[in-house]
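To start, the structure itself, in structure tokens.
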């Protein structure tokens, strides 16, 4: 190929005054960007291979490296961006669907950033979380519908199964296969230490991790990979995955090359066979069908575990949620369009779905309007980036949130969005042994524990400032929220007032 | 325990609660090993050290480095100035023990006085051996090269451009040659053996060393004997005449065993000791160059006049003298010497099959049989040689490791993952890591 | 007694420990200035082959053959740490011949060098441990 249409996106800038040619960059780059030239005793770099994951930058002991975006440009064009042009080159060359990883990076509004929290002044004293008790614990599950009494007039205890979280944050579904064994171990151990839950995703559960069952959500998805009775019963809760925010309406495809060893065993499919999760569940075409699966799973686990139904936020999300709330499910999880993925078609990821803030507000309202909000707990996902996002989500009506990307970032992910290459330099989204070992779960789980512990402190501080001392009292408390720069329709959907009102 | 030394802790006191009297004849490496071991177990007992020299304990092998200027008399002290005080030792300098009276448990000194002991350690070392040579008595400037006093005396007479004749191309002779080379003297070396360092090198390796020394202007007459001296001319057996100003006699050494031999203790070339460094006479121990013990690489009894062995035997003796059962059964020959920048390491016995790998001045030969490494010779590249040494010391079965790999390069890589985990401590880490 | 322990399961073979070690022993302020254009001679060294790698440094043995065999008394063990008195060492390398781990090396200055747990330069905080990106080298108390 004589003409190279693609100009490298990043430049590896090396300060030769600081480079001591220790070669750690070369040894640590799975993309083979760096190379040591023995003859001239110098390091060189091939920019075209760089994915900007910062592994070399982070490990360079003399800070001799940085990665910059190239300033090489096309002729200025407000319509045809360099990115659009390059994508056409790529497709013209390869003829394939563009693949991407992690969440939608495009410039859509981030509603969390247009919502402000309230604080108490004078008339409504704030609470100092260091001096006064502050409850961050939440219970997820269906609430008892009405009070029943026995023949003696005593109240009958009929409480549906629940899960308890020490903070309203869980690690969202990431399968063993899409992420590494060590990443899974880090999540499982952190959830266990924190008193929260992590989620197996649709990859089954490695037998080593059954011991973390009390903190595990096991997923049942359209491929049914790795699902069996012991798997279901090992868990704290079961999640039926109907959809994923990063790729609504799309199934999953883990290539056969990655179905090796323990992964094949855990997924219960032969080595080398593609793991294809169909776009729909082929046995679910209605809420009634869904109800059958919900109750099958409850039957299989003796009605001891709450069942979660997870959907992607799409246009008619509130109607769908209303149906799910009547299906016997205990928890609805809604994944917004910024949710992450190990691999998705770029066009789907970047152009399908709804912002989670709007989906959450409309679902919460719809369920309340229909008087079925207590049937279910609401968990939201799709780019919860900080404790402030958690507080805002809870005030918009969520019972808890899922974090995926944030957890991976805590483990070292630098959001280079190259998961689909399988060469994650941080040992997270890879199955290559030499890369997987880069994530030592002894260190990884502590970083996750630190993150959630820090968020918990921050959540308490923000609640204290509002004069609120429990998550329960914050939930759906939209008076604590004000919009900035939002139009009336947006405010209406969010159910909040504009700042100043 | 990480070493081959085994230890059982059943302390017994010789005489009830009375304080012990330890006497050590000799004031070198083995004596220090014994003192340090005794003081680990017995802080109170008295320790008397009898030395026929007049010096604070110094390292004998350093005398050549002293002449070379790489060390000085202060730095060559084997232990610090406060060694005797800190360890509560009574040091008797310039006294020679002439007799042991085991029935009375006392040592008679050359001044007629006696020192009584509960436990006695004989670490009298060895003495240079000078074979009879016609005309030797008339040679004026003749020296041995064994003690600090020898080195000082030699240093005093050496002047630039002098001709020095060294008889003996063994360790002592060659280290002496290196030591005095700085003085700009002409050095000639004569040895009866056909090769240099004949006791520790094979032919090929010896040739490399000889070539290297010749590059540094040392002249050799090998397979030659001195027929006679006439004034300052030596005549070799083939009538070669060698003129010299200074003569150094470094033919060999003999263990000083008379104290034990005279009272009927078992001796051979050296004083025979068991793996607890006991002689055949109760309460008398021996250690170091004067003793003879089992070489584990050949399973033969040998005098192994090496500093590391001396220390470890002294330590073993000290432990047992102070009531702790302690075994040292890991003795084998090993030498590490540098000559004009060329490093030579040898260990064990040169029997069995051979792995060899050499390139110019880098030379490697490993000797093995019956699934064990018996010995090795390394010249030049001596990196990680201790790993080979440990295979000899521990009698490691070679089929438990990647022998092919370890032959090429010594390293822990050749061991099993499990062994490595034990050696580097990771095994516990893995259990922590879940 | 805190010691350096190595777990090859987590060693990435990145060799950073060697560089942090080499830098630590210089006592310099900026690694780029100190280690620029030189061949480092660290006290901790990586062995690697076929995807296996691990760092080796002095184990500070209970029965230290290097100390017992040292012909000058330059090596000594105090408070569990084996140190080298470079003034006394004459570079005979008997310790190199004695060390079962290959953890003692000839040094550029003619003496030998070995890990001294950074007690002379960093108040006993081993810099290899701090520099290891993956917790493969730890410095901890593990009882016996």
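The values are calculated or read from the model by the stated rules, or taken from the named source; none is laboratory data. As the structure is a computational prediction, the values presented were derived from the model and not from experiment. Note that we place each Cβ from the backbone using ideal geometry, even for glycine, and neighbour counts take in every protein chain shown.
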**OP:** Run residue B:145 past the list (1) surrounded by fewer than 19 Cβ atoms within 10 Å (Cβ to Cβ); (2) over 24 Å from residue B:44 (Cα atoms); (3) more than 14 Å from chain C (Cβ to nearest Cβ) and report the number of the one that doesn't hold.
**Re:** (1)
**OP:** Evaluate the following for residue C:20: is it touching a helix residue (DSSP H, G or I) at 6+ places or on another chain (Cβ under 9 Å), buried (at least 22 other Cβ atoms within 10 Å of the Cβ) and more than 13 Å from chain B (Cβ to nearest Cβ)?
**Re:** yes
Original post:
Of all residues in region A:146-186, which are under 21 Å from residue A:398 (Cα atoms), surrounded by 18 or more Cβ atoms within 10 Å (Cβ to Cβ) and in contact with a strand residue (DSSP E or B) (Cβ under 6 Å, 6 or more places away or on another chain)?
Top reply: A:162, A:163, A:165, A:168, A:169, A:170, A:171, A:172, A:173
Original post:
Just to be sure, is residue A:452 away from chain C (no Cβ under 14 Å), surrounded by fewer than 24 Cβ atoms within 10 Å (Cβ to Cβ) and not in a loop (DSSP other than H, G, I, E, B)?
Top reply: no
Original post:
Considering A:9, A:35, A:76, which residue is more than 14 Å from chain C (Cβ to nearest Cβ), farther than 30 Å from residue C:23 by Cα and surrounded by 13 or more Cβ atoms within 10 Å (Cβ to Cβ)?
Top reply: A:9
**OP:** Name the single residue, out of those in region B:314-352 being within 20 Å of the chain's Cα centre (by Cα) and assigned to a helix (DSSP H, G or I), that is surrounded by the fewest Cβ atoms within 10 Å (Cβ to Cβ).
**Re:** B:315
**OP:** May I ask you to verify whether residue A:84 is under 15 Å from residue A:416 (Cβ atoms) and not assigned by TED's automatic domain parsing to the domain that holds residue A:335?
**Re:** no
**OP:** Determine, yes or no, whether residue A:86 is surrounded by fewer than 21 Cβ atoms within 10 Å (Cβ to Cβ), touching a residue at least 24 places away in the same chain (Cβ under 8 Å) and closer than 30 Å to residue A:255 by Cα.
**Re:** yes
Original post:
Do you know which residues across region B:407-427 are facing chain C (nearest Cβ under 10 Å) and under 27 Å from residue B:354 (Cβ atoms)?
Top reply: B:409, B:410, B:411, B:412, B:413, B:414
Subject >> From B:363, B:355, B:368, residue being away from every other protein chain (no Cβ under 14 Å), surrounded by 21 or more Cβ atoms within 10 Å (Cβ to Cβ) and either over 30 Å from residue B:287 (Cα atoms) or modelled with pLDDT under 95 (or both) >> reply: B:363
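Listed here are the residues, each with its yes/no results for (1) in a loop (DSSP other than H, G, I, E, B); (2) touching a residue at least 60 places away in the same chain (Cβ under 8 Å).
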site	(1), (2)
B:124	yes, yes
B:156	no, no
B:160	yes, no
B:188	no, no
B:195	yes, no
Subject >> Matching residues in region B:275-290 - criterion: being touching a helix residue (DSSP H, G or I) at 6+ places or on another chain (Cβ under 9 Å) and either not assigned by TED's automatic domain parsing to the domain that holds residue B:116 or not in a helix (DSSP H, G or I) (or both) >> reply: B:275, B:276, B:277, B:278, B:279, B:280, B:281, B:283, B:284, B:285, B:286, B:287
**OP:** Hey, could you check region A:44-69 for residues that are assigned to a loop (DSSP other than H, G, I, E, B) and within 12 Å of another protein chain (Cβ to nearest Cβ) and say which is surrounded by the fewest Cβ atoms within 10 Å (Cβ to Cβ)?
**Re:** A:63
**OP:** Could you tell me which numbered condition residue B:102 fails, if it satisfies all but one of (1) at pLDDT below 95; (2) on the phi < 0 side of the Ramachandran plot?
**Re:** (1)
**OP:** For residue B:73, indicate whether it is within 14 Å of chain C (Cβ to nearest Cβ) and at pLDDT below 95.
**Re:** yes
Original post:
Out of all the residues in region C:100-117, is one or more over 15 Å from the mean Cα position of the chain (by Cα), buried (at least 20 other Cβ atoms within 10 Å of the Cβ) and within 7 Å of another protein chain (Cβ to nearest Cβ)?
Top reply: no
**OP:** Scan the strands (runs of 3 or more DSSP E) fully inside region A:312-410 and keep the ones with 2 or more residues being in contact with a helix residue (DSSP H, G or I) (Cβ under 6 Å, 6 or more places away or on another chain) and crowded, with 24+ Cβ neighbours inside 10 Å.
**Re:** A:331-335
**OP:** State yes or no: is residue B:348 touching a helix residue (DSSP H, G or I) at 6+ places or on another chain (Cβ under 6 Å), touching a residue at least 40 places away in the same chain (Cβ under 8 Å) and either under 16 Å from residue B:200 (Cα atoms) or in the same structural domain as residue B:203 (by TED's automatic domain parsing) (or both)?
**Re:** yes
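Per-residue answers, yes or no, for (1) outside any loop (DSSP other than H, G, I, E, B); (2) assigned by TED's automatic domain parsing to the domain that holds residue A:471; (3) under 30 Å from residue A:204 (Cβ atoms):
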site	(1), (2), (3)
A:139	yes, no, yes
A:142	no, no, yes
A:146	no, no, no
A:152	no, no, no
A:158	no, no, no
A:170	yes, yes, yes
A:174	no, yes, yes
**OP:** Could you please give the count of residues in region B:371-406 that are within 14 Å of chain C (Cβ to nearest Cβ) and either within 24 Å of residue B:305 (Cβ to Cβ) or exposed (fewer than 15 other Cβ atoms within 10 Å of the Cβ) (or both)?
**Re:** 19
**OP:** Give the residue, chosen from B:166, B:180, that is surrounded by 15 or more Cβ atoms within 10 Å (Cβ to Cβ), within 27 Å of the chain's Cα centre (by Cα) and under 18 Å from residue B:235 (Cα atoms).
**Re:** B:166
**OP:** Report yes if some residue within region B:364-385 is over 13 Å from residue B:205 (Cβ atoms) and part of a helix (DSSP H, G or I); otherwise report no.
**Re:** yes
Subject >> region C:80-99, subset more than 22 Å from residue B:424 (Cβ to Cβ) and more than 7 Å from chain B (Cβ to nearest Cβ), residue surrounded by the most Cβ atoms within 10 Å (Cβ to Cβ) >> reply: C:89
Original post:
Among the residues of region A:197-215, which ones are surrounded by 22 or more Cβ atoms within 10 Å (Cβ to Cβ) and either modelled with pLDDT under 95 or within 19 Å of the chain's Cα centre (by Cα) (or both)?
Top reply: A:197, A:198, A:199, A:200, A:201, A:202, A:203, A:204, A:205, A:215
Original post:
Which condition breaks for residue C:59 when tested against (1) surrounded by 20 or more Cβ atoms within 10 Å (Cβ to Cβ); (2) facing chain B (nearest Cβ under 10 Å); (3) over 11 Å from the mean Cα position of the chain (by Cα)?
Top reply: (3)
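For (1) more than 30 Å from residue A:460 (Cβ to Cβ); (2) loosely packed, with under 11 Cβ neighbours inside 10 Å; (3) modelled with pLDDT of 95 or more; (4) touching a strand residue (DSSP E or B) at 6+ places or on another chain (Cβ under 6 Å), each residue gets a yes or a no:
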| position | (1), (2), (3), (4) |
| --- | --- |
| A:93 | yes, no, no, no |
| A:111 | no, no, yes, no |
| A:117 | no, no, yes, no |
| A:122 | no, yes, no, no |
